[in-house]
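A short worksheet on the structure shown next.
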């Protein structure tokens, strides 16, 4: 089994990623401003369109990986999925161009930060904020699924929280068609958020995969930690496959029982024990938001 991990990081904080472009690997119609984020294969730049003056996010392969077929495939897949999806909760694609035979994908420029950056600073979020973010993610996943895809790598680093409070899913490179079965030969995603069924020896539907990853994300927002912690990738995957997650109320004592039970359901080892579909998931999160529960966990 091969595990392909995604570690895309997106940030508008120029203090952490101050590098300014020094090469010519940009389309002539865009002026690079500053490096905004980077991951294992790609980097995202804040750029300005020289004709309109508008700001965009330009994603391209890292300079030393320009010729790698895997990177080109990820960028092409992301642009295809983004074009197919039409959602207020998914980053909007603007253009796809080649610069010196290097594919570049142009996205709308988002002002805010990732959920990962927020959790790094605050550790955990209030119940109200956690439900607000999770519900928008669920609606984005629903729109993506209606376009024929799953996200495939739901995690805080791929959830962008705008300054307005709106949420958008980003980094669609690992998205795949909903009718494509996952096999144990090649597994993609991030180990800390990977559902247990991807490690099984049988082909399986991918429809409930994003639910589990969103459940891990919701647990982390409320509890201030991941449900499973391990020193190695193999140990982490084994915990997801076999270990029962800790009770949410152990770390978030003021969480209502209904919410704790729901998070436990999202983290079920068997996909069919999770919500039936993403519409049901979004509906349940909306009901929780309307319940007016206590704001803080602690």
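Only one residue in 218, 222, 226 is under 22 Å from the mean Cα position of the chain (by Cα), closer than 20 Å to residue 189 by Cβ and part of a helix (DSSP H, G or I). Which one?
One residue alone meets the criteria, 218.
Residue under question is residue 230, and the condition is that it be at pLDDT below 95, closer than 12 Å to residue 130 by Cβ and out of contact with any strand residue (DSSP E or B) (no Cβ under 6 Å at 6 or more places or on another chain); does it hold?
Taking the combined requirement at face value, the residue does not satisfy it.
Report, by residue number, each residue of the stretch 138-148 that is surrounded by fewer than 24 Cβ atoms within 10 Å (Cβ to Cβ) and either in contact with a strand residue (DSSP E or B) (Cβ under 7 Å, 6 or more places away or on another chain) or part of a helix (DSSP H, G or I) (or both).
At the first step, the residues of the stretch 138-148 found to be surrounded by fewer than 24 Cβ atoms within 10 Å (Cβ to Cβ) are 139, 142-143, 145-148.
Residues satisfying the conditions are 139, 142, 143, 145, 146, 148.
Tell me which strands (runs of 3 or more DSSP E) are completely within the stretch 45-126 and hold 3 or more residues being more than 17 Å from the chain's Cα centre (by Cα), or say none if there are none. Spell out how you get there, then give the answer.
Working: elements: 55-61, 93-99, 102-108, 112-114.
Because the criterion is at least 3 residues that are more than 17 Å from the chain's Cα centre (by Cα), the strands (runs of 3 or more DSSP E) in the stretch 45-126 that meet it are 55-61, 93-99, 102-108.
Name every residue in the stretch 199-215 that is outside any loop (DSSP other than H, G, I, E, B), buried (at least 23 other Cβ atoms within 10 Å of the Cβ) and either at pLDDT below 95 or touching a strand residue (DSSP E or B) at 6+ places or on another chain (Cβ under 6 Å) (or both), in order of residue number.
209, 210
The values are calculated or read from the model by the stated rules, or taken from the named source; none is laboratory data. Being a predicted model, the structure only gives us computed values, none of them experimental. We place every Cβ from the backbone using ideal geometry, glycine too, and count neighbours over all the protein chains shown.
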